[in-house]
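Novice: If you scroll down you'll find the structure; I have some questions about it.
Values quoted throughout were computed directly from the atomic coordinates according to the rules given, and no laboratory measurement underlies them. All of these numbers come straight from a predicted model, not from anything done at the bench. Virtual Cβ from ideal backbone geometry, glycine too; neighbours counted across all protein chains shown.
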Ligand SMILES: [Zn+2]
């Protein structure tokens, strides 16, 4: 009888070195790294858009991504919200570490420097908003 060869194994993307080398405590398989990578990419894009993508800021971003990997692992339904969470983590840490306010609002008439906020704080489809002007400025990842 003619035997059917088994189907070729599906190509598996290798785990990127960043996560392979620095797993969060208690990390197990099963977290979709694509979610974290796309989240990292959109936040990095907005850092870059505002010239805030110095090495120290990218380190802050990578720390936040690594920690949120654990968060998504604990709460898989949060995957849709993780980009907004990482953006807020980075924003808080940049300020805490003296790296400055990011991203500064350029959308309203208020002249004193103020940063924009992510809305919703915990939800899908995160946007940058100016709370002073009540303006929705741009989706996360689309700052200019
Ligand atoms: Zn504003």
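Novice: Here are some residues: 40, 45, 68. Which one is part of a helix (DSSP H, G or I), without any contact (Cβ under 8 Å) to a residue 40 or more places away in the chain and more than 16 Å from the ligand (Cβ to nearest atom)?
Specialist: Result: 68 is the single residue among 40, 45, 68 that is part of a helix (DSSP H, G or I), without any contact (Cβ under 8 Å) to a residue 40 or more places away in the chain and more than 16 Å from the ligand (Cβ to nearest atom).
Novice: Also: Filter segment 102-113 down to the residues that are in contact with a strand residue (DSSP E or B) (Cβ under 7 Å, 6 or more places away or on another chain) and assigned to a loop (DSSP other than H, G, I, E, B), then identify the one that is farthest from the ligand (Cβ to nearest atom).
Specialist: 102
Novice: Right, next: So, in segment 114-136, exactly how many residues are surrounded by 15 or more Cβ atoms within 10 Å (Cβ to Cβ), more than 8 Å from the ligand (Cβ to nearest atom) and part of a strand (DSSP E or B)?
Specialist: Matching residues across segment 114-136 total 7.
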